[in-house]
Amino acid sequence: MPVTADDQRVREVVRTARRIAVVGLSPKPYRPSHQVAKYLQEAGYTIVPIHPAGGTILGEAVHPDLYQARETGELDIVNVFRRSSAVPALVEPCVAVAPQLVWMQVGVAHQVAARQLEDADILVVMNRCLAVVHQHLGE
């Protein structure tokens with residue numbers, strides 16, 4: 001299957017990104033969000049946890065939302081570990097903080113929200129694991 005222009009753009013963003021907001025990052029080590037975030041952190045990315053409970057996860061201060069997380073610096077990627085039904089509520093904050101890419105993890109997809117994000121010139125990946133793709137890139 002040929003690589004599309006969007007695939008190339010996604011690969012470039014994943015290669016050059018430094019800060020990844022993880023929406024729905026769990027403090028529980030056995031949860032997929034925690035495992036993926038830990039992998040990404042170990043791969044050299046700065047993880048910016050987003051969870052209403054606050055506190056610290058993986059040594060990073062937890063922010064209640066994307067707006068407050070953006071106050072600490074640019075967010076290159078927003079990685080979503082929420083139910084698909086929660087994705088529409090993330091469109092406005094994502095457009096406001098303007099990441100290059102919104103990544104919806106395995107099992108997370110919302111076509112209408114994806115179109116809205118793309119209309120705001122934000123790349124969107126749905127139903128794929130960022131850690132797996134990163135491993136395949138050999139970064």
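The values are calculated or read from the model by the stated rules, or taken from the named source; none is laboratory data. Since the model is a prediction, treat every value here as computed from it, not as a measurement. As a convention, Cβ positions derive from the backbone with ideal geometry for all residues, glycine included, and neighbour counts pool all protein chains shown. For the accessible areas, the whole protein counts, side chains as well, though only heavy atoms, and no ligand, DNA or RNA atoms are used. Shrake-Rupley method; radii C 1.70, N 1.55, O 1.52, S 1.80 Å.
Taking the charge dipole of region 49-116 about its Cα centre, with +1 at Lys and Arg Cβ atoms and -1 at Asp and Glu Cβ atoms, the residue from PRO49, PRO64, MET104 reaching farthest to the positive side is MET104.
Each residue was assigned an accessible area with a 1.4 Å probe, and for HIS136 the value is about 150 Å². The string of couplings for region 121-130 from the Karplus curve (6.51, -1.76, 1.60, θ = phi - 60°) is 6, 10, 5, 9, 10, 10, 6, 9, 8, 4 Hz, one whole number per residue in order, with x for Gly and Pro. Computed from label points 7 Å out along Cα-Cβ, the spacing between VAL132 and VAL106 is 0.5 nm.
When nucleic acids and ligands are ignored and a 1.4 Å probe is applied, LYS28 ends up with an accessible area of around 90 Å². Where the only charges are on Cβ atoms (+1 Lys, Arg; -1 Asp, Glu), what is the dipole of the chain about its Cα centre, to the nearest 20 debye? In total the dipole reaches around 480 debye.
When the helix-only estimate is applied to the chain (DSSP H runs of n ≥ 4, each -39,500 (n - 2.57), divided by the residue count), what is the mean residue ellipticity at 222 nm, nearest 500 deg cm²/dmol? Don't skip to the end; give the middle numbers.
Working: 6 runs with 55 residues, N = 139.
So the helix-based figure for the chain works out to -11000 deg cm²/dmol.
A simple packing score, the average count of other Cβ atoms within 10 Å per residue, orders the peptides 96-104, 74-82, 124-132 as 74-82, 96-104, 124-132, with the highest score first. For the residues ARG11, ARG83, ARG115, a 1.4 Å probe over the protein chains yields an accessible-area ranking, largest first, of ARG83, ARG115, ARG11. What the phi angles of region 38-45 give under the Karplus curve with 6.51, -1.76 and 1.60, with θ = phi - 60°, is a coupling list of 5, 4, 4, 4, 5, 7, x, 7 Hz, glycine and proline written as x. Ligands, DNA and RNA excluded, the heavy atoms of TYR30 present near 150 Å² of accessible surface to a 1.4 Å solvent probe. Ranked by the mean number of other Cβ atoms within 10 Å of their residues, highest first, the peptides 17-23, 51-57 come out as 17-23, 51-57. By the gyration tensor of its Cα atoms, with a ≥ b ≥ c the square roots of the eigenvalues, what is the shape of region 18-57: rounded for a/c under 1.5, prolate for a/b over b/c, or oblate? Oblate. For region 65-88 and region 1-63, what is the centre-to-centre distance using only Cα atoms, to the nearest Å? Between the Cα centres of region 65-88 and region 1-63 lies a distance of 10 Å.
Among TYR39, TYR67, what's the order by accessible area (1.4 angstrom probe), most exposed first? The partial results should precede the final answer.
On the way: TYR39 60, TYR67 95 Å².
Reading off the accessible areas and sorting them downward yields TYR67, TYR39.
What distance in nm separates the two pseudo spin-label positions at GLU42 and SER85, each 7 Å out from Cα along the beta-carbon direction? With each label placed 7 Å out from Cα toward Cβ, I get 3.5 nm.
Ranking ALA37, ALA120, GLY73 by how far each Cα lies toward the positive end of the dipole of region 7-139 (charges on Cβ) leaves ALA37 at the top.
Only Cα pairs under 8 Å and 6+ residues apart enter the sum, and on that basis the relative contact order of region 21-139 stands at 21 percent.
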